[in-house]
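Single-structure report; data block below.
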Amino acid sequence: MIIVGGVYREECVRPHWSRIFGSAGRAAVALSALSPGSHLVAHAYIGWAEDVRQTMHGLGVTTDLREIGSDIAFHYFHPLSISELVGAADSPLPPLSVNGDVILRFGMVEGDAAISARRAVYDPQHPSAALLFHANGSTAKELAVVLNEVEFECGAGSGDIWNYDIARDRFNADVIVVKRGPLGAVVMQAGGNIRIPAYRSETVFKLGSGDIFSAVFAHLWGEREWPAAKAADFASRGVARYVSTRGTQVSLEGLEDLAPCASGETAGRIYIAAPFFTLSQRWLVDEMRGCLTMLGGDTFSPIHDVGAYGGSEYIAGKDLDGLRSCNTVLAVIDGEDAGTLFEIGYARSLGIPVVVLAEAPRPESLTMLEGTGCTVTDDFTTAVYGAIWSSLR
């Protein structure tokens, strides 16, 4: 396997993460055990290029690194936040040129890569690049494009975007795989679309999960020539293991034992139970609401959908009407706000599942929550994903 793409620094505030990976670097590590003798082609900052070479060499991955003067990094506040790109040059570098049997090509910050392969997997990494595989002269006898849902929608344009014949002509690809985060994926191919479930994990470390998906899919579809749907299913399983362990090297052993999330294809309505009386509290509610919406959830947020004006009876009535219309409650209990705790108890009395974000709780404050079946986590991304999964219908 040849992997072509970016190798970058990644920095995240919470949970703390500081690594040199990038899409191609992470994919090369993931494939080091699945596809011994893999080859990484990338640009790399001169300050740490030799470290990358030595790390890859220790994993049995050969490298062709073109050293550059830009220390490119992606900064995240949390794994679902919009990244801040730091250190990118103003003008693109000349494109890399790579020929091989099976190639996994990622979109890059520094420029582009023109490839020629028997089988190629293309992960554009940006909506504006979704249609650009062939634009620089890249060729493949068989091409699979792996995109997230935003990239797919931007590239597909208008009309019946989920029609395979239309999507095939639009992307000029034999297989289109659309990653849908907590909702799994869809494989579009001749003979019909196939839905691939997400697989449950106790925690969710989202950074790099798409890279792992593309790497596993490229190996199974490109090298082992598995059917696209089976390859995507195992890629989804590989992602579940990665996000729960942060273990980048991938093994297929035991993946068949993982349990899929609920079989529903659509996220339901999620009630956000949280205080919103200070700037930090309101920021967290807004961030939570935005992330749930981004991942396909429908939300009811008291401060957004009811507001803070009106008498207590009016506000409580409207809030509880909203809660009864929801499939799941996502609650923030730090500070032990009385209204939030009341909403959790009310939801559990109705049999509505509750996912609780508790970053700094008093241990005794969790007794009734855990004792009544609430799911409790101290991680923001895990809480958001858990709420989506609990709401599936």
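The values are calculated or read from the model by the stated rules, or taken from the named source; none is laboratory data. A quick note: this is a predicted structure, and the numbers were derived from the prediction, not measured. Positions of Cβ are generated from backbone atoms using ideal geometry, with glycine treated the same way; all protein chains shown enter the neighbour counts.
For region 221-275, residues that are more than 15 Å from Val175 (Cβ to Cβ), assigned to a loop (DSSP other than H, G, I, E, B) and not charged (D, E, K, R) total 18. Only one of Ala89, Ala42, Ala24 is within 18 Å of the chain's Cα centre (by Cα) and of a type in the set (Gly, Ala, Ser); which? Criteria check complete, one pass: Ala24.
Checked against (1) within 24 Å of Glu343 (Cα to Cα); (2) of a type in the set (A, V, I, L, M); (3) surrounded by fewer than 22 Cβ atoms within 10 Å (Cβ to Cβ), Leu258 meets all criteria but (1).
Looking only at region 69-86, count how many residues are surrounded by fewer than 17 Cβ atoms within 10 Å (Cβ to Cβ) and over 22 Å from Arg14 (Cβ atoms).
Step one: list which residues in region 69-86 are surrounded by fewer than 17 Cβ atoms within 10 Å (Cβ to Cβ), which gives 69, 71, 75, 77, 82-86.
Subset that is over 22 Å from Arg14 (Cβ atoms): 69, 71.
Qualifying residue count for the region: 2.
If you go through region 124-155 and keep only what is touching a residue at least 60 places away in the same chain (Cβ under 8 Å) and at positive phi, you end up with just Gln125. Taking the listed residues Thr377, Thr382, the one that is crowded, with 22+ Cβ neighbours inside 10 Å and either outside the structural domain of Pro302 (by TED's automatic domain parsing) or hydroxyl-bearing (Ser, Thr, Tyr) (or both) is Thr382, with no other qualifying. In region 278-306, the residues that are assigned by TED's automatic domain parsing to the domain that holds Gly317 reach residues that are loosely packed, with under 15 Cβ neighbours inside 10 Å with C-beta atoms within less than 7 angstrom, at least six apart or across chains, in these pairs: Arg289/His304; Thr299/Thr293; Phe300/Ser325.
Checking each residue in region 280-304 for being loosely packed, with under 15 Cβ neighbours inside 10 Å and either of a type in the set (Ser, Thr, Tyr) or over 20 Å from Ser81 (Cα atoms) (or both) picks out Ser280, Thr293, His304.
Within region 343-393, being farther than 24 Å from Lys318 by Cα and aromatic (Phe, Trp, Tyr) holds for Phe380, Tyr385, Trp389.
The set of residues in region 242-255 being surrounded by 18 or more Cβ atoms within 10 Å (Cβ to Cβ) and either at pLDDT below 95 or farther than 30 Å from Asp337 by Cβ (or both) consists of Tyr242, Thr248, Val250, Leu255.
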